[in-house]
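Let me begin by handing over the structure; questions about it come next.
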Amino acid sequence: LQQCRAPGPIFLEAESPNIGRVTLPPAIVSAIRSSTATRITVPLPMRVKWIRRQYSYFENECIDLLFDKIRRLKERVGGKTMDRWLQLCAEGDFETFVGEILVQYYDPLYTHTSGKADRQAQQLDIDGSDASYERAAKQLMEQVGVC
């Protein structure tokens with residue numbers, strides 16, 4: 001980070017000060033939180049499809065690891081929800097599981113930890129079409145004066 005010298009805008013995903021075991025320096029966290037925010041939304045079915053494609057190994061060769069990760073969420077989501085998610089995965093209903101964990105766990109956690117819950121943000125909606133991605137990219141580039 002100390003050697004990073006960006007000649008133009010930097011696009012970052014909103015993060016909490018702690019990313020895994022790494023803690024961002026306070027100056028970077030402050031800069032992120034005071035920067036212009038853009039919220040990009042994608043329909044849940046598309047998000048589920050993308051997540052399942054990126055993490056398909058959990059549905060196959062690493063199913064036991066997925067079960068372990070779900071069990072670690074018990075204190076955060078409660079035993080009933082944890083048991084439901086374990087059952088969904090055991091039955092092979094990963095579509096429902098991923099949708100539920102996104103809506104019930106990750107989205108609220110992300111909103112809370114990103115520090116942007118109360119912050120005004122430009123909204124860009126992506127419907128899955130190539131045109132919607134191109135439109136969003138163009139709007140972002142115009143917003144920061146790149147094109």
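Would you mind calculating the relative contact order of region 1-139 from Cα pairs under 8 angstrom and at least 6 residues apart, reporting the percent as a whole number?
37
Further question: Measure off, as a whole percent, the carbon and sulfur share of the 1.4 Å-probe accessible area of the chain, all protein chains present.
53
Work out the P(r) tail for the chain: percent of alpha carbon pairs separated by more than 21 Å, whole number.
Beyond 21 Å sits 57 percent of the P(r) for the chain.
Run the quick spin-label model on ASP83 and PHE67: label points 7 Å from Cα toward the beta carbon, then report their separation in nm to one decimal.
It works out to 1.6 nm between the two label points.
What's the extension gain from PHE11 to ARG76 if we count 0.36 nm per residue and subtract their Cα-Cα distance?
20.4 nm
Quick query: amide H of LEU124 versus all other amide H atoms, modeled in the peptide plane; which residues come in under 5 Å with a sequence gap of 5 or more or a different chain?
ARG39, ILE40, THR41
If you don't mind, there's one more thing I want to ask. Quick check for me: using +1 on Lys/Arg Cβ and -1 on Asp/Glu Cβ, what's the dipole size of region 1-139 about its Cα centre, in debye to the nearest 20?
560
The values are calculated or read from the model by the stated rules, or taken from the named source; none is laboratory data. Small disclaimer: the values here were computed from a predicted structure and weren't measured. We place every Cβ from the backbone using ideal geometry, glycine too, and count neighbours over all the protein chains shown. The protein model used for the area step is the full one, side chains on, heavy atoms only, and it has no ligands, DNA or RNA in it. Shrake-Rupley method; radii C 1.70, N 1.55, O 1.52, S 1.80 Å.
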